[in-house]
Structure formats: C-alpha cells, structure tokens
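The values are calculated or read from the model by the stated rules, or taken from the named source; none is laboratory data. A quick note: this is a predicted structure, and the numbers were derived from the prediction, not measured. Please note: Cβ atoms are built from the backbone with ideal geometry, for glycine as well, and neighbour counts cover all protein chains shown. Ligands, DNA and RNA are excluded from the accessible area calculation, which covers all protein heavy atoms including side chains. Shrake-Rupley method; radii C 1.70, N 1.55, O 1.52, S 1.80 Å.
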Amino acid sequence: MEFLFIELQKNDQPLYEQIYEQIRNKITDNELKPGDKLPSKRKLASFLEVSQTTIELAYAQLHAEGYIRSEARRGFFVEQIDELTPVSAPITIAPSLEQERPSYDYDFSPGTIDTSEFPFATWRKYAKEIIDASYQDLLQLGHPQGDVELRSEIAQYIAHSRGVHCTPEQIIIGSGTEQLMALLLRMLGNQSLFAIENPGYLQMHPVFEHHHHPIVPIDVDQDGMIVEQLIQSEATAAFVTPSHQFPTGAVLSASRKATLLNWAYARKERFIVEDDYDSEFRYSGRPIPALKSLDQHGKVIYMSTFSKAFMPSLRMAYMVLPPALYETFKYDVIQYAATVPRFDQQIVARFMKNGHFARHLNRMRTVYKRKMQTVIDTLSTLSPKLTFFGEHAGMHVMIQLEDDRTEEHLLSLAHKQNIRLIGISQYYVQRTEQRPTFLLGFGGIPNDQIENAIHTLWRSWDLSL
Ligand SMILES: Cc1ncc(COP(=O)(O)O)c(C=O)c1O
C-alpha cells in the first residue's frame, strides 16, 4: 500500500493521535484487513505533509496496542484483531444508572435548602486563599478524623450553641451522617440492637441493614420517642432526634429525656446516638439544649451535619464520641482515611473562625422563619379539614387531612400536577394511623411562590380555596 487517506484537522488533537486513531478505526472497521501492508513511514509522511516523527509516533502507538506488527526490512502489517476491543470505544451507561433529575413546578421535599442567600463571595475568597502554593500541605492526606482546625472550631461552636462540651480529639468529621453512622456500626461490631423512631429518618434504615444491625421501631407521639416502649424492648442502643423529631417535629419532653438517659446509664452496653441535624433553625422559644448536654456518664454519641446549616452537597457532618468510647475506638477510626476533602474542611474552618458561619446562620434563620410564617398564614386560610404541626422549627411542616382518599392517591394527584411531595408513610417501619399526612418542605421554594405552591397543591386535590 503506497498511500492511506487520512484527514487531518487543525485542532487541539496532536497530528500523530489523529493518524493513529484513523488507522485504528480503519482496522477495526475492517477497511484495512489482517496482513495488509501499511505505507512506509517516509511515504506516508510525505503524502500527508507531516514529519516522519509524527508517523513514527502513530505507528508506535498502533504497534504497542497490537493493531499492527513490524517485520524486519519489510515494514508494518495489519494484525489479526478479532479479539481486540478498542480501548476508547464509547461506553454506554445503562439508563438506570444515569441520574434522573426530573424538574418539578414545586418541590416540597424536606431536603432542599434556600440557595438565594448563600455567601458565595466569602466562600470564593477562602477557596482562593487556600488554593495557593503556600498551602501545599493540603495536597497531602490529613488526619483521619478531619483537620484539627475544623475540629477545634466545631468543638467551640457546639459548646456555645448546644452545650456540648468535648475536645477536638473526640470529634470525627465524615461525609454525612449516614457515613458516620456506618463507621460507628463498623466499630461497634454486631452487638447492638438499635431502637429507631417510628416514623423516623428513613435514610438511616439501609445503613443498619447493610451492617446487619437489627432495628426495633419505637413509636413517636407529640413528646417525641415513647421511651416507655424502648424500656420494654430488648434494644441496647437508641437512634433519636430529640431536639426536632424527624419528621414529626416533636421535641423530646424533659421527663422523657431523663428516662432515656437513665435507661442508657442502667447498663454498660447501652448507649444513645443523638442526631441533632437542624438545631440551628428554631423559631420560637429558647433553643432546645442538646440531649448530649445533659449526659453525665458519656452515654450519648452526638451527631450533627452542615447539610442544613450550609448545604447538603457539601457532604460534611461530625460525630462526637464520649471519652471512653473514643479511647476504645481511636485505633479503629484511624484505619480509615478522612472522607471529606481537606480544602473543603479548611474553607469551613475559616468560615467558622472568622464569624461568617454565625452570620450566615442568623441570616438563614430569618429567611426560613419568614418562609415558615408564609406557610402558616397560607395553611391557616385553608379548609378546617386540615391540621398542621411541627411549625416551630426546621424547613418543613407536617400537614394532615381529613379526607376519605388515601395518602397514596393524594400523592399521585399532586405528582400529576408536577408537584413533588412526600407522605409520612414513607418514614414508617410500621404504620397504624392511616390519616393522609404529608411533609411540606419549603426550604427550596422562594417566599413569594409559597402561597401559590400551596394553592396549586390544594387544587390538585380538588379542595376549595
Ligand atoms: C433527620 C436527619 N438527619 C440527618 C440529616 C443529614 O444527613 P447528611 O449529613 O447525611 O446530609 C438529615 C437531612 O438533611 C435529616 O433529615
């Protein structure tokens, strides 16, 4: 073969790569057959008006990948390539693996936050500051529990705002509450039977399941987890959201808190995991002190997250191990590298150190409080067949309807109107009460659209305004 037609483009792709790719495609498409002789390097170089080195590089690549062979003094020949699959063949991703992101007219799911007030400028400033050669050390692996600068800031923050006193050594930073829980369960081994709230934070259920930790559902009422039920159970550990029960919004009553702590104190193997996920956003009364702040005997493992206070995409949460547990597990903990990038940890540490975190929280508390008020005002004008609760904190309120239709049916009507809504049944292990009840999350809906969003939902249910 004297010539080979190859179309060269003037773009960023090096010429040798274009030549290599086109010859490879001719071979895999069977345009060039096994045994065909390729033009000599000199001839092809002069035909394509490129340097001989360019052809040499292309042939060397084809040779290295087994598409062609070289025979002494005879030249290059196409190899038998039936068994070869080109490395750069396009990989098709099964549709089920692709993230489906349906867009809704209104999204009432509880996990969305308000993004309009995010302090991008300050975030950018700190990010720019640390992405600099003077912070080369951040390219290295950090402490498995997270950078000490961030852990120190968190220790100070939870002492002031939640009454939780600990040293930075007791804190472990991880990429979310579920990841930290998984770490804790790995450390604990298979000995604990976990009591969970019913309804409760359902994202945690698979974590228990995957680590073969059986769970016992414990009912929840207007005073939080019914601790008397826990006492009757065989559970050795309890996972609770005492300051703002998820999803009902109940606050664990003071007497139940005392009973719960006494239950844990009574046996060496018992302990409590407190999930304090959104304590920053309480709109009336005094802040509810964390259960951990009342713990006299190191029985409460405290967890919290930046998912509500900052953003869920940050993937940053923290856990405080009581001193004795920390001593037991510290060697297990350091077997795993930290799961949060150090650059992000450093940005958050600076935010906290320089007072921006506190300012951001104050601003967001006002934003969410205003939104909650709009939700309450709108719901108050609707039919008396509606009751709502959990309006003193957080980014969602519960609504309950007196309606003969099922929760499932009402959900499907809302979805038909392109509204994303979640029913309480999803959060139950077992449910006896059947009245249709929904979580009305408003974090991601602009304040001036809330009324319309609720009215649209109402109309989707054919209820009069
Ligand atoms: C009850 C509860 N716990 C914890 C979290 C936070 O989980 P993560 O830190 O994995 O984002 C959430 C959601 O934001 C939640 O609703």
Rg followed by Dmax, in Å, when region 193-301 is reduced to its Cα trace = 13.1, 40
Which listed residue (458, 139, 381) has the Cα farthest towards the positive end of the charge dipole for the chain, taking +1 on Lys and Arg C-beta and -1 on Asp and Glu C-beta about the Cα centre?
-> 139
The answer for the longest stretch of the chain without any exposed chymotrypsin sites (Phe, Trp or Tyr not before Pro) (DSSP loop, at most 13 further Cβ atoms within 10 Å) is 6-465
note: region 296-347, Cα-Cα separations exceeding 14 Å make up a percent value of 63 percent
In degrees, nearest 10, range 0 to 90: what is the angle between the Cα axis of helix 52-64 and the longest Cα principal axis of the chain?
-> 60 degrees
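Exposed loop sites here are GluC sites (Glu not before Pro) in DSSP loop states with at most 13 other C-beta atoms within 10 Å. What is the longest stretch of the chain lacking them? All intermediate terms of the calculation are to be shown ahead of the outcome.
Working: sites that count: 2, 7, 31, 49, 83, 98, 100, 117, 234, 269, 402, 433.
My reading of the result: 270-401 is the longest stretch.
Between residue 205 and residue 139, what's the calculated FRET efficiency when r is the beta-carbon distance and R0 is 41 Å? Round to 0.05.
Values: r = 38 Å, r/R0 = 0.92.
Using R0 = 41 Å, I get an efficiency of 0.60.
Can you give the accessible area per residue of the chain, in Å², using a 1.4 Å probe?
Numbers: 23520 Å² over 465 residues.
Each residue of the chain exposes 51 Å² on average to a 1.4 Å probe.
As a test, work out the antiparallel percent of DSSP beta bridges whose residues both lie in the chain, rounded to the nearest 5.
Working: 27 of 45 bridges.
The antiparallel fraction comes to roughly 60 percent.
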How far is helix 15-28 tilted, in degrees, relative to the longest principal axis of the Cα atoms in the chain, given as a value from 0 to 90 rounded to the nearest 10?
-> 90 degrees
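Grab the other residues whose beta carbon is less than 15 angstrom from that of residue 414, score K and R as +1, D and E as -1, and report the net. Mind dumping the intermediate values first?
Values: positive: 405, 416, 420, 459; negative: 105, 107, 403, 407, 408, 462.
Result for the neighbourhood of residue 414: -2.
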What are the lysines whose alpha-carbon lies under 24 Å from the alpha-carbon of residue 41, with same-chain residues fewer than 8 places away excluded?
-> 10, 26, 33
On a 0 to 90 degree scale, rounded to 10, what angle separates helix 177-188 from the longest Cα axis of the chain?
-> 80 degrees
Region 15-78 - Debye-derived log10 I(q)/I(0), Cα point model, q = 0.12, 0.14, 0.15, 0.28 Å⁻¹ | -0.25, -0.34, -0.39, -1.38
In debye, nearest 20: dipole of the chain around its Cα centre with unit charges on the Cβ of K, R (+) and D, E (-)?
-> 1080 debye
Put a dot 7 Å past each Cα toward the Cβ at residue 118 and residue 408; how far apart are the dots in nm?
-> 3.7 nm
Go ahead and collect, in residue order, the members of region 34-55 whose backbone nitrogen is under 19 Å from a label point 7 Å along the Cα-Cβ direction of residue 13.
-> 45, 48-51, 54-55
Lysines near residue 308 by alpha-carbon distance under 17 Å, same-chain residues fewer than 8 away left out - which ones?
-> 369, 371
Lys/Arg +1, Asp/Glu -1 at C-beta; the chain dipole; positive extreme among 418, 300, 196 = 300
Separation of the residue 343 and residue 459 label points, Cα + 7 Å toward Cβ, nm = 4.6 nm
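Can you quote the Å³ per residue value for the convex hull of the Cα atoms in region 255-412, rounded to an integer? Could you put the intermediate results ahead of the total?
Working: hull volume 31.5 nm³, N = 158.
About 200 Å³ per residue, rounded to a whole number.
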Cleavage-rule hits, trypsin sites (Lys or Arg not before Pro), region 354-428, DSSP coil, Cβ neighbours within 10 Å at most 15 | 385, 405
Please list the radius of gyration and Dmax for the chain, considering alpha-carbon atoms only, with Å as the unit.
-> 30.2, 95
What FRET efficiency comes out for the pair residue 226/residue 132, r = Cβ-Cβ distance, R0 = 51 Å, nearest 0.05?
-> 0.40
Report, to the nearest whole %, how much of the accessible area of the chain belongs to carbon and sulfur atoms, 1.4 Å probe, protein only.
-> 50 percent
If you keep only loop residues by DSSP, which trypsin sites (Lys or Arg not before Pro) in region 1-63 have at most 15 other Cβ atoms within 10 Å of their Cβ?
-> 10
Let a ≥ b ≥ c be the square roots of the eigenvalues of the Cα gyration tensor of region 133-255; is it rounded (a/c under 1.5), or, if not, prolate (a/b larger than b/c) or oblate?
-> prolate
